[in-house]
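Structure, as structure tokens:
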Amino acid sequence: MKTILRVAFFVVLGGLCWMPLAAQDSAMSAKPKAAKPKAQMAMPMPKPAPEMTKMIKMMAGSWTVTEKHDPNPMMPNGGTGKGTAVLTPGPGNMSLMEKYHTSGAMGSSFNGFGTFWWDPKAQVYRGVWCDNMSPNGCDDSGTTKWDGDKLVGMMESEMDGKKMTTRFTYSDFKPDSFVMTMEMGPDASKMQKAMTITYTKAGMAEKKM
């Protein structure tokens, strides 16, 4: 009988000892799990403006170019030239880049490179143009915007110490060609045509011959 009582005592004692431990384990398991740190939100990529998409659609591609120079301050006797132009979308279609090369008109090769983009605040295209005939190497190409179905740009520069205003007009847009006309003068009211460049899709000019 004593043995039975002793066993029962130890069973009850053991139960009393395990109860706090079990309660502690239960409390620990009930604690909310630490929240995992949220992944850092990725910065949203900017999207090209509709105006930039339009310019790329109208002008991107590989082109054969023919130049007709009217008598102007840079070429008093006028002349002609021919070459190539490659216009490609910039990173993310946020700009348009042009690589231009011609020969013949000025007696030597002309090489130029430009980048154009849309300025949403000013609502105009802006650009920078670099070539092997610019004393500065590169120049601000002014501002450009659509005027109906024509793309018109204005740029101010200096020639022989005098102010010179230049107007570029891109027109006659077709799937396989477009035309750029350049006018120059001391101001916008005294412009004279200086050059006409016809862009023809590479390969098309050969097919027409």
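For segment 154-167, check the following and say yes or no: at least one residue is surrounded by fewer than 13 Cβ atoms within 10 Å (Cβ to Cβ) and farther than 19 Å from N72 by Cα.
Within segment 154-167, none of the residues are surrounded by fewer than 13 Cβ atoms within 10 Å (Cβ to Cβ) and farther than 19 Å from N72 by Cα.
Listed here are the residues, each with its yes/no results for (1) part of a loop (DSSP other than H, G, I, E, B); (2) touching a Leu at 6+ places or on another chain (Cβ under 9 Å); (3) at pLDDT 95 or above.
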position: T143; (1), (2), (3): no, no, yes
position: W146; (1), (2), (3): no, no, yes
position: Y170; (1), (2), (3): no, yes, yes
position: F173; (1), (2), (3): no, yes, yes
position: K190; (1), (2), (3): yes, no, no
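Quick one: in segment 168-180, which of the residues that are charged (D, E, K, R) and exposed (fewer than 15 other Cβ atoms within 10 Å of the Cβ) is farthest from W146 (Cα to Cα)?
Out of the qualifying residues, it is K174.
Name the residues in segment 49-96 that are without any contact (Cβ under 8 Å) to a residue 24 or more places away in the chain and in a strand (DSSP E or B), would you?
K82
List the residue pairs whose Cβ atoms are under 9 Å apart, where the first residue sits in segment 130-159 and is in contact (Cβ under 8 Å) with a residue 40 or more places away in the chain, the second is among the charged types (D, E, K, R), and the two are 6 or more positions apart or on different chains.
Pairs that qualify, where the first residue is in contact (Cβ under 8 Å) with a residue 40 or more places away in the chain and the partner is among the charged types (D, E, K, R), are W146/E51; W146/K54; L151/K145.
Which condition from (1) of a type in the set (G, A, S); (2) over 14 Å from the mean Cα position of the chain (by Cα); (3) farther than 20 Å from P175 by Cα is the one that G90 breaks?
The failed condition is (2).
Residues to consider are K201, K163, K145, K150; find the one that is farther than 25 Å from W117 by Cβ and not small (G, A, S).
The match here is K163.
Does G148 count as loosely packed, with under 13 Cβ neighbours inside 10 Å and either acidic (D, E) or within 24 Å of E51 (Cβ to Cβ) (or both)?
It is true that G148 is loosely packed, with under 13 Cβ neighbours inside 10 Å and either acidic (D, E) or within 24 Å of E51 (Cβ to Cβ) (or both).
What residue, among those in segment 99-118 that are touching a residue at least 24 places away in the same chain (Cβ under 8 Å) and outside any loop (DSSP other than H, G, I, E, B), is surrounded by the fewest Cβ atoms within 10 Å (Cβ to Cβ)?
Looking at the filtered set, the residue picked out is T115.
Those residues that are of a type outside the set (D, E, K, R) and closer than 16 Å to Y125 by Cα, I need them from segment 46-67; list them, please.
Selection gives P48, A49, P50, M52, T53, M55, I56, M58, M59, A60.
Could you check, for segment 181-204, whether at least one of its residues is touching a Gly at 6+ places or on another chain (Cβ under 9 Å), surrounded by 18 or more Cβ atoms within 10 Å (Cβ to Cβ) and more than 22 Å from D70 (Cβ to Cβ)?
no
The values are calculated or read from the model by the stated rules, or taken from the named source; none is laboratory data. Bear in mind that the values here come from a model prediction, so they are computed numbers and not experimental data. Backbone-built Cβ (ideal geometry, glycine too); neighbour counts: all protein chains shown.
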